[in-house]
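Below you'll find the structure, written out as structure tokens, and then a few comments.
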Amino acid sequence: MKRSVIDTVDLSVEEVRQLLDTAMDIIADPAKYAHACAGKKLATLFFEPSTRTRMSFEAAMYELGGNVISMTDAGTSSAAKGETVADTAKVVSNYVDIIAQRHPKAGAALVAAANASIPVINAGDGGHCHPTQTFADLLTIYREHGNMNGLTIGFCGDLLYGRTVHSLMAAMARYEGTRFVLISPEELRVPRHLIEDVVESAGIPCEEVTSLEEALPKLDVLYMTRIQKERFDDPAQYERLKNVYVLDAEKMKLAKPDCIVMHPLPRVDEIAVEVDDDPRARYFEQTLNGKYMRMALILKLLGWDGQSLTGAKEPAETYPGGPFSLWTIAEEDPAYKCGNPKCICAAERSIRHKYYIAKDGSRRCVYCEQ
Ligand code: NCD
């Protein structure tokens, strides 16, 4: 099993720092990297819609001199015949050198990584994680502030299903002086396990509020998110919540002069178009930064040593402790069943349910972490 990235924290803080350095070097001298991945292929396996993530992965591989094979619609692949994520990963490993996969079920990326013989990058697994969006976000913050320390970051919108929020929280919790303000309706609060594992365990000062206006003056970074229609079981609940937060020019008057506004995009109505002209808006820069960080990540996982690709060497056991490393401590018990309907375990019968013991002693599904 080669090294894969399911969430940002599968890389150490030092490794994230190296990715940022590589991305900055790519920006400064793209010609140096133009043939770095010559002869290598990336497969983008997208079982769920995407514009930025897939296209920036593909642009990244082309700009590294590599090639891309793409599955953009699960309906045209053997998934439509009932092929599992595990089998797909084994098959695609025979054709390419690295996989970027997006799937609507939490844990699908870990299933792919555990079955592929090549590195797998999680390009979003249901409401669980989205590490490469976080890498884009970190580069955006880094280019703004020069480091990641001492920031009050407000997350606003769908914090329950927002995988970009979950991954960025886990990443930011590792930097000194981070403070969180979590702005959401009651129904869309950050999942409890994340509060325990990420916020409380790191002792991060954190407030949960419902008012964007109240939160805005405190923030160095406002991270807006879309209320995600596709993740709701009850359409009426979506209708009720969809326009709960709308950032407009009037509200921006409440923000600090240097508070940047980020959003993973796509936006629907939660950021008025007029905010695009505000010099604090950074959401379109994020999309470009995503390409550079995906280039840096592909290089890292294929073993770039600064001159050439040497092949990734690290064994699974040395991983620093993110979801991918949970695989190495996963336990099985025929009596254990993951009960989360949004987990890959619920979607594919062939998966052997596995758990790990959380800090509070409870059993958590290794795939969805619930
Ligand atoms: C996000 C995602 O897919 O989670 N988009 C993205 O990758 N930039 C956010 C969203 O879909 O709302």
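Of note:
- Note that the chain, at 37 °C in a medium of 0.692 mPa s, gets a Stokes-Einstein diffusion coefficient of 157 µm²/s from its Kirkwood radius over C-alpha pairs.
- Counting only cysteine Cβ atoms and a cutoff under 4.7 Å, the chain contains unmatched residues C37, C129, C156, C206, C259.
- DSSP beta bridges confined to the chain are antiparallel in about 15 percent of cases.
- Among I99, I141, S56 - extreme Cα towards positive end, dipole of the chain, charges at beta-carbon: I99
- Spin-label zone in region 127-164 - amide nitrogen under 19 Å from a point set 7 Å from the Cα of E196 along the C-beta vector: 128-129, 160-161
- Solvent exposure of the chain amounts to 41 Å² per residue of accessible area, where only protein heavy atoms count and the probe is 1.4 Å.
- For region 219-370: rounded, prolate or oblate by the Cα gyration tensor [a/c cutoff 1.5]: oblate
- Farthest positive-ward along region 153-218 dipole, Cα basis, beta-carbon charges - from I204, G154, L168: L168
- I69 long-range amide H proximity, modeled H, under 5 Å: L42, A43, T44
- Mean separation of Cα contacts under 8 Å (6+ apart) over length of the chain, as relative contact order %: 20
- Accessible area of H145 in the full protein assembly, 1.4 Å probe (Å², nearest 10): 70
- Ordered from largest to smallest accessible area (heavy atoms of protein chains, 1.4 Å probe), the residues I183, I351 come out as I351, I183.
- Sulfur and carbon atoms: percent of accessible area, region 25-78 [1.4 Å]: 53
- Spatially, region 113-171 and region 266-311 are offset by 11 Å when compared through their Cα centroids.
- For region 79-205, the carbon plus sulfur part of the accessible surface works out to 45%, probe radius 1.4 Å.
- Amide hydrogen neighbours beyond the local backbone of L219, cut-off 5 Å, H modeled: K256
- Normalised per residue, the volume of the convex hull around the Cα set of region 125-182 (Å³): 69
- Cα gyration tensor shape of region 168-297, rounded if a/c is under 1.5, else prolate or oblate by comparing a/b with b/c: rounded
- Cα-based shape type of region 41-133, given that a ≥ b ≥ c are square roots of the gyration tensor eigenvalues and the cut on a/c is 1.5: rounded
- Carbon plus sulfur fraction of accessible area for region 206-273, probe 1.4 Å, in percent: 52
- A simple rule links phi to the HN-Hα coupling: the Karplus curve 6.51 cos²θ - 1.76 cosθ + 1.60 with θ = phi - 60°, which for region 355-361 gives 9, 10, 8, 6, 4, 7, x Hz, with x for Gly and Pro.
- Mean Kyte hydropathy of -0.5 or more with a Cα span along the axis of at least 20 Å, helices from DSSP in the chain: 13-28, 131-145, 283-301
- Sparsely packed loop sites in region 183-215 (the GluC sites (Glu not before Pro) outside DSSP H, G, I, E and B with at most 14 other Cβ atoms within 10 Å) do not occur.
- Segments 321-328, 281-288 sorted - mean Cβ within 10 Å per residue, highest first: 321-328, 281-288
The values are calculated or read from the model by the stated rules, or taken from the named source; none is laboratory data. As the structure is a computational prediction, the values presented were derived from the model and not from experiment. Please note: Cβ atoms are built from the backbone with ideal geometry, for glycine as well, and neighbour counts cover all protein chains shown. To get the accessible areas, we keep the full protein, side chains included, count just its heavy atoms, and leave off ligands, DNA and RNA. Shrake-Rupley method; radii C 1.70, N 1.55, O 1.52, S 1.80 Å.
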